[in-house]
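To start, the structure itself, in structure tokens.
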Amino acid sequence: MNILVIGSGGREHALCWKIAQSPLVDTLYCAPGNGGIADVAACVSLDASDHAAVIEFCTEMAIDFVVVGPEDPLVIGLVDALTDADILAFGPTAGAAQLEGSKGFTKDVCAKYNIPTAAYGRFDNAADAKAYVEKQGAPIVIKADGLAAGKGVILAQTVEEALAAIDDMFDGAFGEAGAEVVVEEFLTGEEASFFVLCDGENTLPLATAQDHKAVGEGDTGPNTGGMGAYSPAPVMTDAMCARVMEEIIKPTVKAMADMGHPFKGVFFAGLMITAEGPKLIEYNVRFGDPECQVLMSRMTSDFVPLLVASAKGELDGCDVEWRDEVALTVVMATKGYPGSYAKGDEISGIKAAERKTGATIFHAGTKLDDGILVANGGRVLNVTAMGSTVTEAQKTAYEAVDTVNWPGGFCRRDIGWRAVAREQGK
Ligand code: AMP
Ligand code: GLY
């Protein structure tokens, strides 16, 4: 098969790395790709929002299957356009991608199908949102309804903070994404992510992960796209996974089919494991970045037949195998991220770090400039290691980090800290 992967992050490097290992693949392309993806796929410059150009490329290169990495192209209907052109594609239609594209949509699905989630209100004006906050009190959570690159969520500790966040959102702090606002109950517990493939009707649970969103050690400071992750998530026992399938995932599959938007692709359920049980924080409709990097590192099955089965509606009876080991990834970012940062710093020592430690380094924001690898984004490298425990995987990952030569970069030194503390009986 000829396969085209859409995207340019660490997630897409991990997907390409895994897909390239499949004996089913003839030629693998990635659009636009990055400096590391170029090792495993032919990178092509294509604008994913130009559906006609993507379809033309697929026809010209005899692409049999397209795998869409990020949420933006899904939400604007790339899979719909490819399907209309008879090109098989992995990922949800625009209708089904509303699960990520609109938080209010998802909350209404939860309400209608009794899916456990935080109590909420949906508002299209500041006055009503504020009245709801005054009634509920703090802490409380204010969310922009639409896509805001993971930044449209304010955890307000006081009513004043919540009211100010509501004003900011309706004043356009998150652009169109904030034209509607969801206000919800503040949940407490341990967070985990659960990934489940779906073909519109049948499901195949993949694996669990925990990530670190905050830029600073001890999970402090502003939120980012993710500074590191590990898999599996200790809190997601087999019993907890089974419960989430019955109480959250399967009702969602039914809801989406009932609404005429059968969900094909991967559910990335953000969960809070509360004292009362698992509650849905949010859905994403694509793999997590950097969660995908740890998932792909642990998967031993050929992934291509599973992705194809999801797209074709043939997941029934499919199975997936994993390494028993833990995978942990540390994100190396450009100094200044998630604020402003410079581009173009040279990076070296990646292959040496991989050889020395056995770690795998996925590239996120890198590019090749006349054959020299340079930083080209906020999150730049995902240093990923395996171990029999989180402690062991963490140690190897940081050995590899310390072998990479990139003075302009930084990382958190405590990825996996909760699990490490647990392993050490603290
Ligand atoms: P989201 O973009 O919806 O995943 O939210 C980003 C982060 O905010 C989540 O990963 C949680 O850490 C936190 N969060 C979101 N909603 C809630 C909630 N209702 N209660 C507590 N924390 C939340
Ligand atoms: N790491 C969080 C995300 O991909 O949304």
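The values are calculated or read from the model by the stated rules, or taken from the named source; none is laboratory data. Only a predicted model underlies this, so the values are computations on that prediction, with no experimental measurement involved. Ideal geometry is used to build each Cβ from the backbone, glycine not excepted, and the neighbour counts take in all protein chains shown. Ligands, DNA and RNA are stripped out before the accessible areas are found, and what is left, the full protein with its side chains, is counted by its heavy atoms. Shrake-Rupley method; radii C 1.70, N 1.55, O 1.52, S 1.80 Å.
Considering every residue within region 309-318, establish whether at least one is within 16 Å of ligand 2 (Cβ to nearest atom), open to solvent by less than 10 Å² (accessible area, probe 1.4 Å) and either closer than 21 Å to N223 by Cβ or of a type in the set (S, T, Y) (or both). Write out each step before concluding.
Narrowing region 309-318 to residues within 16 Å of ligand 2 (Cβ to nearest atom): none.
The answer is no; no qualifying residue exists.
Can you name the number of the only condition in (1) open to solvent by 20 Å² or more (accessible area, probe 1.4 Å); (2) of a type in the set (A, V, I, L, M, F, W, C); (3) within 16 Å of ligand 2 (Cβ to nearest atom) that F186 fails?
Result: F186 passes all but (3).
Here is a yes/no grid of residues against (1) touching a residue at least 24 places away in the same chain (Cβ under 8 Å); (2) surrounded by fewer than 19 Cβ atoms within 10 Å (Cβ to Cβ); (3) within 16 Å of ligand 2 (Cβ to nearest atom):
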site	(1), (2), (3)
K130	yes, yes, no
Q136	yes, yes, no
V141	yes, no, no
G146	yes, no, yes
T158	no, yes, no
M169	yes, no, no
A177	yes, no, yes
V181	yes, no, no
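Select from region 193-205 the residues that are within 16 Å of ligand 2 (Cβ to nearest atom) and out of contact with any Gly (no Cβ under 8 Å at 6 or more places or on another chain) and write down the one among them that is nearest to T252 (Cα to Cα). Break it down into steps so the answer makes sense when it comes.
Residues of region 193-205 within 16 Å of ligand 2 (Cβ to nearest atom): 193-196.
Next, only the ones that are out of contact with any Gly (no Cβ under 8 Å at 6 or more places or on another chain) stay: 194, 196.
Values: F194: 14, V196: 12 Å.
Among those that are within 16 Å of ligand 2 (Cβ to nearest atom) and out of contact with any Gly (no Cβ under 8 Å at 6 or more places or on another chain), it is V196.
So which residues in region 269-309 are of a type in the set (K, R) and more than 25 Å from A333 (Cα to Cα)?
K279
Could you pull out every one of the strands (runs of 3 or more DSSP E) wholly within region 56-153 that has 1 or more residues that are within 16 Å of ligand 1 (Cβ to nearest atom) and out of contact with any Ser or Thr (no Cβ under 6 Å at 6 or more places or on another chain)?
120-123, 140-144
Would you check if there is a residue in region 245-262 being under 23 Å from L381 (Cα atoms), touching a residue at least 12 places away in the same chain (Cβ under 8 Å) and within 15 Å of ligand 1 (Cβ to nearest atom)?
no
Give me the pairs: first residue in region 329-356 and over 23 Å from D414 (Cβ atoms), second residue assigned to a strand (DSSP E or B) and polar (S, T, N, Q), beta-carbon distance under 6 Å, and six or more apart or on different chains, which are they?
Pairs that qualify, where the first residue is over 23 Å from D414 (Cβ atoms) and the partner is assigned to a strand (DSSP E or B) and polar (S, T, N, Q), are S348/N405.
Give the residue, chosen from V383, V331, V374, that is touching an Asp or Glu at 6+ places or on another chain (Cβ under 8 Å) and in a strand (DSSP E or B).
None of the other options fit; the residue is V374.
Take the residues in region 203-215 that are closer than 17 Å to M272 by Cα and either in contact (Cβ under 8 Å) with a residue 60 or more places away in the chain or within 14 Å of ligand 1 (Cβ to nearest atom) (or both), then tell me which one is surrounded by the most Cβ atoms within 10 Å (Cβ to Cβ).
A209
Provide a single number: the residues in region 341-389 that are modelled with pLDDT of 95 or more, over 26 Å from the mean Cα position of the chain (by Cα) and among the aliphatic types (A, V, I, L, M).
1
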